[in-house]
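Before any comments, here is the structure.
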Amino acid sequence: MADTAFPMLPEKLPDLSNVARFAPAEPKVPERTHGQRQKFRTIWISDVHLGTKGCNADLLIDFLDHTDSDTLYLVGDIIDGWRLKKKFYWPDSHNDIIWRILKRAKRGTRIVYIPGNHDEMFRQFTGLNFGGVEIRRAAFHDTADGRRLMVLHGDEFDTIMLAHRWLAFVGDALYHLMMGLNVWVNRARRALDLPYWSLSKMAKHKVKNAVEFISRYEEVVARAAGERGVDGVVCGHIHTAEFRNFTHDGKRVEYWNDGDWVEGCNALVEHADGRMEILHWPDEIAKRDPAPAGDESPDDRPDERVAA
Ligand SMILES: [Mn+2]
């Protein structure tokens with residue numbers, strides 16, 4: 001019976017049955033029912049990378065419990081099938097996220113899932129609807145103030161797929177290491193009568209390339225949107241939340257990247273009037289009013305005081 005539900009699932013895939021055939025069990029982390037949810041017209045999130053240790057599941061659960069929207073776009077790399085194929089890692093909190101997304105669909109949120117390159121195995125289901133989740137290759141979104149935005153993951157615009165921001169940081173650490181190493185390399189070269197050769201210069205060049213890659217990626221995506229005649233584009237993929245204005249044939253083209261839930265913990269939202277905003281969720285948590293007395297007041301938690 002189970003197989004007939006997903007007849008096209010290739011056998012080589014990791015067992016995603018607990019994701020696909022989601023059981024209506026209660027989540028491990030109960031949904032917060034108190035307090036008002038922040039209501040948006042639209043929410044875009046991407047690059048969650050469920051199935052990896054890097055995924056910031058707790059923050060995303062907090063986000064999902066404090067927000068609501070008419071439409072939710074899942075802009076790709078929600079589940080990291082690449083990693084799951086190598087090693088199955090699926091803590092309860094990751095299931096809790098799937099549970100919350102499907103619960104939203106049941107509550108009436110329109111959910112559009114655009115698989116990315118890490119969850120490309122779901123692309124074969126393009127056009128289908130699973131539990132209220134529409135699977136699309138790309139989508140067009142009309143904002144409340146009449147702008148038409150193209151929504152896609154964005155991996156179709158890079159060829160090397162190594163544009164993640166952490167690469168720049170790894171590059172930076174390597175650069176410093178190499179600056180130290182450079183001294184010794186050139187001392188040795190001098191002793192051997194060889195000309196000076198800059199190891200650090202080469203490393204610096206690589207870091208600069210990573211930064212240039214992001215900038216070039218944004219231009220390429222915006223140009224593609226301009227060529228399609230839309231007012232803007234929403235994408236993810238490079239783990240760098242950003243808003244930029246471009247011009248194509250004298251017409252304004254907006255570039256929006258909704259960031260990620262690995263390092264940035266960003267979501268892109270559209271307010272009721274069409275105004276869009278990139279949220280950095282840790283900042284939103286910090287802005288929150290302290291919990292009402294009696295609910296989570298420290299006096300009620302002697303254990304924590306001892307621990308502190
Ligand atoms: Mn990606």
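Rule-based calculations on the coordinates, nothing more; no lab input. What you see is a predicted model, and the numbers here were worked out from it, not measured in a lab. Every residue, glycine among them, receives a Cβ derived from its backbone with ideal geometry; neighbour counts consider all protein chains shown.
In sequence order, what are the phi-derived ³J(HN,Hα) couplings for the range 263-274 according to the Karplus relation 6.51 cos²θ - 1.76 cosθ + 1.60 with θ = phi - 60°, rounded to whole Hz, with x for glycine and proline?
Taking θ as phi minus 60°, the curve returns 10, x, 6, 10, 9, 9, 10, 10, 6, 4, 8, x Hz for the range 263-274.
If each of Ala286 and His66 carries a label point 7 Å out from its Cα toward its Cβ, how far apart are those two points in nm?
1.2 nm
Net charge near Gly232: determine it from the other residues with C-beta under 9 Å of the C-beta of Gly232, scoring Lys and Arg +1 and Asp and Glu -1.
Net charge around Gly232: +1.
Return the subset of Lys39/Lys87; Lys28/Lys87; Lys28/Lys85; Lys103/Lys251; Lys103/Lys287 for which the Cα-Cα distance in this structure is over 30 Å, preserving the input order.
Lys39/Lys87; Lys103/Lys251
Using the beta-carbon distance between Ala191 and Asp249 and R0 = 51 Å, what value does 1/(1 + (r/R0)^6) give for FRET efficiency, to the nearest 0.05?
0.25
Would you please give the residues with an amide H less than 5 Å from that of His248, counting only those at least 5 places away or on a separate chain, with H modeled from the backbone geometry?
Distant-sequence amide H within range of His248: Val253.
Quick check on the range 31-151: take the gyration tensor over C-alpha atoms, sort the square-rooted eigenvalues as a ≥ b ≥ c, and tell me if it's rounded (a/c under 1.5), prolate or oblate.
oblate
Rounded if a/c is under 1.5, else prolate if a/b beats b/c, else oblate: with a ≥ b ≥ c from the C-alpha gyration tensor eigenvalues square-rooted, which is the range 91-156?
Verdict is oblate for the range 91-156.
Please give the net charge around Val183, taking every other residue with its beta carbon less than 12 angstrom from that of Val183, where Lys and Arg add +1 and Asp and Glu add -1.
+3
How would Tyr113, Tyr73, Tyr89 line up from fewest to most surrounding beta-carbon atoms within 10 angstrom?
So the residues, fewest neighbours to most, are Tyr89, Tyr113, Tyr73.
Taking the Cβ of Asn257 as the centre, find all other residues whose Cβ is under 10 Å away and add up their charges (Lys, Arg: +1; Asp, Glu: -1).
Once positives and negatives cancel, what remains is -4.
Leu279's amide H: which non-local residues (gap 5+, or another chain) put their own amide H closer than 5 Å, with H modeled 1.01 Å from N in plane and none for Pro or chain starts?
The answer is Ala267, Leu268, Val269.
How large is ³J(HN,Hα) for each residue in the range 71-84, as worked out from phi by the Karplus curve 6.51 cos²θ - 1.76 cosθ + 1.60 (θ = phi - 60°), to whole Hz, x for Gly and Pro?
Result, rounded to whole Hz: 10, 10, 9, 9, 8, x, 6, 6, 10, 8, x, 4, 5, 4.
Restricting to Cα atoms and excluding each atom paired with itself, what does the Kirkwood estimate give for the range 233-285 in Å?
Here the Kirkwood hydrodynamic radius works out to 11.9 Å.
Skipping prolines and chain starts, which residues have an amide H placed within reach, meaning under 5 Å, of the one on Leu50, given they are 5 or more residues away or on another chain?
Ile79, Asp80
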